[in-house]
Amino acid sequence: MFDYNSTMNTIILGSFMILVLYLTYRTKSYIARIPYPFLMIYTALIFLRLCWPFDRKQAFMINIRHIYPAISSFLVTKGHWHAFHFYYYQVLAVIWIAGSILCLIRIIRNHICFSKLLKIMPKKSRDDIRKQYRNRMSASLYQRLTIIQTDYVSTPSVARIRHPVILLPEMEFSDKELEYIISHELQHIRNHDLVIQLFTELLCALYWWNPLVYLLKKVLININEIRIDSILSKNWDQQETHQYISCLLKVSQHQANTGSDQKLIAFAARQEPLVERTAYLKKDGKQKIPVLSGAILAITMFCSITCMFVPYQIPPEVESESFTIPADDSYIVKNNEGTYTLYINHEPAGTLTDPYDSAFEGIPVYQTLKEAKSHEKN
């Protein structure tokens, strides 16, 4: 069953998982040591959690006593405007859906504009390169692939899913650098990274109001680059690894001088992401998950699957024997024998032993009845 509480859990748990991944990614000494499959399993669970706002009967319920109950109460509060009656969660849902539709329209528009740009921009076909690396791709990919060179991009990139296009900038590459670049872009195509990027864009459209989703998009782009680097460098020696890093830095410097290509999967990004990629390429020995960050990621994954937050509610058997204390019309007075009397609307309502219990939070406590009456005048 779908309801606003399930959606709240999806937002809370999904956002928390993104935050943990981002903080781990920002810890540069850790990200190079965490195996890529582990990161991708974690990322897949983030996608699943954000796209699965449904109750799970077997989930472990965690009662939240602060903030969440107030938010939950606000969402189910009724409002009205002229002849229209509504709940506030319905208003927020309409705003959310409208924003997502606008973002989806923007994605479609950008895709159409980019497709038109590919057709009309000045470019030079590099079919010679495609033939040179024919033995590195399947027959199907060879038939569908196009390689062009243009000054409309500042870094080697790949675009389009069904009929991929590798775009090379107008700069000189040595044969070895060209081998690195083509191998890198072909690996992006084999790994279906453009599909992953498309799903990420759709997730950003769905959660357009959540800044953490945009952090996820940034982290995923750079993690995918690390994956490609790890695949290519698997059997390299130290010298070849350094040559590859030099190629990355060369392309990154050209990109910094001419501008970036935001809508493409690029061979090299700006300097900051290159720090993580260089750290990964220079790693020594077998990858090991750091104990602390690995444990945090694992616990977060487990909680996202097994836990569900719910606003605290008084049990029915207790609620039937309880009443609400109006804080604005109540106060507590100390008695001579060490007990306290609760007054509601200046009338005694009961005797207390601990006036500072959380149940009486916000209700003033006085030493004498005279003091109370002097402060509590209606």
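Scanning segment 335-351 for residues that are farther than 11 Å from I325 by Cβ and part of a strand (DSSP E or B) gives Y340, T341, E347, P348, T351.
Return yes when I299 is within 48 Å of the chain's Cα centre (by Cα), assigned by TED's automatic domain parsing to the domain that holds I64 and at pLDDT 75 or above and no when it is not. Yes; evaluated as a whole, the condition is true for this residue. Does at least one position in segment 162-178 carry a residue that is in a helix (DSSP H, G or I), surrounded by 17 or more Cβ atoms within 10 Å (Cβ to Cβ), over 29 Å from the mean Cα position of the chain (by Cα) and touching a residue at least 40 places away in the same chain (Cβ under 8 Å)? Among the residues of segment 162-178, at least one is in a helix (DSSP H, G or I), surrounded by 17 or more Cβ atoms within 10 Å (Cβ to Cβ), over 29 Å from the mean Cα position of the chain (by Cα) and touching a residue at least 40 places away in the same chain (Cβ under 8 Å), which makes the answer yes.
Having 2 or more residues that are of a type in the set (S, T, N, Q) is the bar; report the strands (runs of 3 or more DSSP E) wholly within segment 50-142 that clear it.
none
When the residues of segment 17-70 are filtered to those that are crowded, with 17+ Cβ neighbours inside 10 Å and under 15 Å from N5 (Cα atoms), the one that is modelled with the lowest pLDDT is P53.
The values are calculated or read from the model by the stated rules, or taken from the named source; none is laboratory data. All values reported here derive from a predicted model rather than from experimental measurement. We place every Cβ from the backbone using ideal geometry, glycine too, and count neighbours over all the protein chains shown.
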